[in-house]
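Contents: one structure, followed by commentary.
The values are calculated or read from the model by the stated rules, or taken from the named source; none is laboratory data. Remember, predicted model here, so these are calculated numbers, not experimental data. Methodologically, a virtual Cβ is constructed for each residue, glycine included, from the backbone with ideal geometry; neighbour enumeration extends over all protein chains shown.
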Amino acid sequence: MKINTIINGKNIIEEINPSKRLLDYLREDLRILGVKEGCGEGECGACAVLIDNVLVNSCLVAVGYINNKEVVTIDYFKNTESYKIIEESFIKEGAVQCGFCTPGFVIATYTLLKKNKSPSEEEIKEGISGNLCRCTGYNMIVNAVRRASKRGEGVW
């Protein structure tokens with residue numbers, strides 16, 4: 001199948017097996033390494049990307065799905081003002097340790113704050129659900145999201 005897509009701002013037209021996992025296509029074919037395989041079952045969020053501004057786990061998406069869509073990964077997102085605010089908030093709140101889960105949490109945070117600029121604690125927990133962290137603990141992550149929501153007024 002020939003796909004026509006935009007990935008990280010670059011237009012791609014390529015013949016590819018439409019059933020190949022998006023995660024594998026990004027990492028193996030395009031060498032976009034910010035997306036990681038954690039569980040391979042859509043439960044950890046390490047492979048989170050935005051497809052047409054919707055948060056998805058790329059391990060659950062076939063490449064054929066992205067035809068005529070736009071994909072944004074953490075590798076591209078890290079160049080935005082939103083990323084800088086979220087990153088600094090995570091660092092200040094001690095919400096980063098090994099960093100493996102951080103890209104998924106950052107993209108989930110952005111998605112949440114784009115919809116809800118001032119979320120409650122419960123809304124934050126719901127917004128970051130689907131992301132697993134084995135090092136940091138979720139209280140610090142929730143605090144980081146709260147800090148980012150206050151710092152990023154007007155950015156989201």
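General remarks:
- Matching option when the condition is at pLDDT below 95 and among the small types (Gly, Ala, Ser), among Ala62, Ala95: Ala95
- Note on segment 19-66: residues that are of a type in the set (S, T, N, Q) and farther than 20 Å from Thr111 by Cα total 1.
- Pairs, first on the phi < 0 side of the Ramachandran plot in segment 51-64, second among the aromatic types (Phe, Trp, Tyr), C-beta under 8 Å, six or more apart: Ile51/Tyr65; Val63/Tyr25
- Residues of segment 70-89 satisfying the condition of being closer than 20 Å to Ile12 by Cβ and either crowded, with 17+ Cβ neighbours inside 10 Å or without any contact (Cβ under 8 Å) to a residue 40 or more places away in the chain (or both): Val71, Val72, Thr73, Ile74, Asp75, Tyr76, Phe77, Asn79
- Taking the criterion of being part of a helix (DSSP H, G or I), over 10 Å from the mean Cα position of the chain (by Cα) and under 20 Å from Ile16 (Cα atoms), the residues of segment 51-78 that qualify are Cys59, Leu60, Val63, Gly64, Tyr65, Ile66.
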